[in-house]
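**Q** Structure below; questions to follow.
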Amino acid sequence: MKNNNLFAALRSAFPAALDSVAIETDNGLCYSWRDLDRATAMMANLLVSLKLPAGSRIAVQVEKSVEALMLYLATLRAGYVFLPLNTAYQSAEIDYFIGNAEPSVVVCAPKNFGWVSKIAFKVGTRHVFTLGDDRSGSLLERAAQCADRHTVAQRGADDLAAILYTSGTTGRSKGAMLSHGNMLSNAMVLKDYWGWKKGDVLMHVLPIFHVHGLFVAVHGALLNGSKMIWMARFDPRRVLEKMPEATVFMGVPTLYVRLLAEPGLNREAARHMRLFIAGSAPLLIETFNEWIARTGHTILERYGMSETVMLTSNPYAADPRYANQSERRGGTVGFPLPGVSLRVQSDDGRNMAVGEVGGIQVKGPNVFGGYWQMPEKTQEEFTPDGYFKTGDVGRVDQDGYVSIVGRSKDLIISGGYNVYPAEVEDVINALPGVAESAVIGVPDADFGEVGVAVVIAKAGVSIDPANILQKLKTMLANFKVPKRCYVVAELPRNAMGKVQKNVLRTQYRL
Ligand code: MCA
Ligand code: AMP
């Protein structure tokens, strides 16, 4: 019987020369393909030895490291469900995710063991391990005692492989359930569509707790048997230094903006590169054009979501199979990927004509199965004929290029991270002295968009905006904390009493 475990496909793409370098870290460590195979086998055997129930979630909040990547691969290999958590999340956020997902295993940074284990034990998690970014911690100590051979667990295409939490416009975060089939089908399409070839080297600079860094980048390189140059954090100078050794780079628009600020970014620096890919947030046309002028390369922009992995992409090159798809067009996210059906509909369910703006809906083997333990929410997000409503607003032009022009969901995308104003407003509104608040996104040269909080104090109370921001930093992941806060007498409202965020956006843009 065919094994649809995503790890089985990634493992079978390892090159025959298992002792060649698979990952080179920024501080000079080299991991071979054999190291990846053995270490993931040891970690998988550790998980198996815990005799976890089928479908157990392995929740992980650790700094980026090759061992953290191995833990992801080992979780797939053993057939459990990976649940990555942003390192910026604070205890209240972790408390919610762990409470909601009820993981059997939690892995955290050694310095966080005290508070994370308390949260985990409270919900009945039996195993809490630690993993540092310097190969320290109990996970590796325990895995070192396990055998380095492991038969990949048999999994079906529909079996759950990962849960990614994404916030919502109302209520709490939802766990998007992605199957082995969702991720493998998407990775195989991208391998072909982006022309991955022998000798490609990926420069990996993104965090590994979201779709972009963990799935799109890692699956792309592994499925092609390609080496990765692994950087724990994005440093534009370091990227430039290593660029001559790489051929593929993936980044959110902020990374391109920061690279453009480096005088050393020029044609010479990028001469070995084959492909620059951008996504997770809108790439400004100015950035797209400046990149061409400075490097001679045209950034390939693509579009995806946690719920769907990748949906559309600009073309890599003229391909006779996709007749009109040759040029990468700035300001567009390209074409629906092979296998993805994409349509644009009005709110009342009418298909929009070419060029008309409406809600983007998608269907395909990459689209998730639903939100973890939220069947009603899942149903709300799908149309009766099975299309997923992305919440993005866009159009398809006469050549078939998709453009995203806005969002029907109240969402701020800051430096590639999603921030839901409703979540931040809830936290602000619960602070002493606050009557209500509105959080809006305003344009920002570095992060694309940043949050601004506009707050109304309770009658007779005086509140200090700096104090509010200070408090939020202890309660929310740092990227969710608004960059500015204003205390005002009233919020603009429409006739229905709804806060007019458009008015605020104009008023508070710098
Ligand atoms: C850091 N800060 C931010 C952000 N990042 N503020 C707003 N938005 C951000 N994204 C703030 C911190 O709170 C801190 O503020 C200060 O900046 C410095 O923090 P530091 O961690 O040093 O920042 P950095 O290292 O410069 O990080 C910027 C970054 C990072 C490299 C752009 O945000 C990043 O890696 N973004 C990529 C996100 C990503 O991978 N998204 C993919 C999602 P203070 O000093 O006041 O505390 S997957 C997805 O969206 C879909 C599926 C898709 O299509 O890919
Ligand atoms: P997330 O759920 O964190 O994975 O974020 C998904 C959202 O990011 C999408 O619904 C879009 O709003 C946005 N997004 C991703 N790629 C792009 C892009 N290339 N252009 C504009 N928005 C994008």
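**Q** Find the relative contact order for segment 1-55 and round it to a whole percent, using C-alpha pairs within less than 8 Å whose residues are 6+ positions apart.
**A** It comes to 23 percent, rounded to a whole number.
**Q** Report, in debye and to the nearest 20, how large the dipole of the chain comes out about its Cα centre when Lys and Arg carry +1 and Asp and Glu carry -1 on their Cβ.
**A** 500 debye
**Q** Can you check what the Kirkwood hydrodynamic radius comes to for the chain, Cα pairs only, in Å to one decimal? Please list the in-between numbers first.
**A** On the way: mean 1/r = 0.0419 Å⁻¹.
Answer for the chain: a Kirkwood hydrodynamic radius of 23.9 Å.
**Q** Would you mind getting the accessible area per residue of segment 179-223, heavy atoms of the protein chains only, 1.4 Å probe, in Å²?
**A** 25 Å²
**Q** Place a point 7 Å from Cα of residue 458 in the direction of its Cβ. Which residues in segment 429-452 have their backbone N less than 11 Å from it?
**A** The answer is 430-436, whose backbone nitrogens lie closer than 11 Å to the label point.
**Q** Of 289, 110, 10, which is farthest along the charge dipole of the chain in the positive direction, counting Lys and Arg as +1 and Asp and Glu as -1 at C-beta?
**A** It is 110, whose Cα lies furthest towards the positive end.
**Q** Roughly speaking, to the nearest percent, how much of segment 401-510's 1.4 Å accessible area is carbon and sulfur?
**A** 53 percent
**Q** Contour minus end-to-end for residue 377 and residue 389, with contour as 0.36 nm per residue of separation and end-to-end as the Cα-Cα distance?
**A** Taking 0.36 nm per residue and subtracting the Cα distance, the gain is 3.1 nm.
**Q** Considering only DSSP beta bridges where both residues belong to the chain, give the percentage that are antiparallel (nearest 5). Mind showing how you got there, number by number?
**A** Working: 48 of 81 bridges.
Taking every DSSP beta bridge with both residues in the chain, the antiparallel ones total about 60 percent.
**Q** Which whole-number percent is the relative contact order of the chain (Cα, under 8 Å, 6+ apart)?
**A** 12 percent
**Q** A follow-up question, please. State, as an integer percentage, the relative contact order of segment 176-284 based on alpha-carbon contacts under 8 Å between residues 6 or more apart. Walk me through the intermediate numbers first.
**A** Details: 139 pairs, mean separation 28.9, N = 109.
It comes to 27 percent, rounded to a whole number.
**Q** Quick check: at a probe of 1.4 Å, how many percent of the accessible area of segment 143-207 sits on carbon and sulfur atoms?
**A** Result for segment 143-207: 51 percent of the exposed heavy-atom area is carbon or sulfur.
**Q** Then there is this: If you take every DSSP beta bridge whose two residues both sit in segment 1-146, what share of them, in percent to the nearest 5, is antiparallel?
**A** 20 percent
**Q** Return the subset of 51/111; 111/480; 174/227 for which the Cα-Cα distance in this structure is over 32 Å, preserving the input order.
**A** Check vs 32 Å cut-off fails for 174/227.
The values are calculated or read from the model by the stated rules, or taken from the named source; none is laboratory data. Keep in mind that what you see is a predicted model, and the values were worked out from it rather than measured. All Cβ positions, glycine included, derive from the backbone under ideal geometry; neighbour counts span all protein chains shown. Each accessible area value is taken on the protein alone, full model and side chains, heavy atoms only, with ligands, DNA and RNA left out. Shrake-Rupley method; radii C 1.70, N 1.55, O 1.52, S 1.80 Å.
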